[in-house]
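Visitor: Here you go, one structure.
Just so it is clear, none of the values below were taken in a lab; they were calculated from the coordinates. Predicted, not measured: the structure shown is a model, and the values here were computed from it. Cβ: placed from backbone, ideal geometry, glycine included. Neighbour counts: every protein chain shown.
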Amino acid sequence: MEMVEQKSQLHSQILYTPSLTWARVIDNGTVRVGLAHKVCECLKALSEDDEGIVNCQLKPIGEDVKQMEPFGIVKTKKITFELSSPISGKIKKVNEEVLANPAILNKNSEEVWIVEIEPVNLEEEVQNLLTPNQYAECSENIWYFIRIQL
């Protein structure tokens with residue numbers, strides 16, 4: 001019963017990593033991954049001209065990723081920020097729109113996915129992710145987290 005509740009919970013909400021990427025299971029069982037809104041706000045505020053994210057580089061389709069390890073980077077004109085994978089698996093899709101126009105992350109980052117991952121150990125690894133309430137508490141310290149990345 002608990003496993004069914006976890007899967008239901010995954011389909012109904014975004015879960016977060018401590019490094020502030022998000023994950024949402026979609027209907028085909030893959031996991032969409034994006035960048036938390038608070039990170040985008042902070043990166044925009046720290047950029048020299050308030051422009052925010054100007055570049056996004058990702059591992060290619062077919063690459064394996066591991067939970068909490070980098071799968072790409074986003075850049076502002078001033079800083080570079082690593083994107084950590086919320087789930088282990090294989091990159092199945094890359095959002096080409098994000099690569100062509102990374103500035104879309106500055107506006108609706110929690111609506112815009114970056115990659116889709118075919119998970120290999122979802123049920124176990126989801127235990128390492130944060131619920132929206134846990135993320136809200138964690139995101140209060142986001143300035144500190146991003147500043148240590150500089």
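Visitor: Just rank Cys42, Cys138, fewest to most, by other beta-carbon atoms within 10 angstrom.
Guide: Cys138, Cys42
Visitor: What full-extension length gain, to one decimal in nm, is calculated for Glu97 and Gln13 as 0.36 nm per residue of separation minus the Cα-Cα distance?
Guide: 27.9 nm
Visitor: So, counting K/R as plus one and D/E as minus one, what does the shell of residues with Cβ under 12 Å around Glu110 add up to?
Guide: Result for the local shell: +2.
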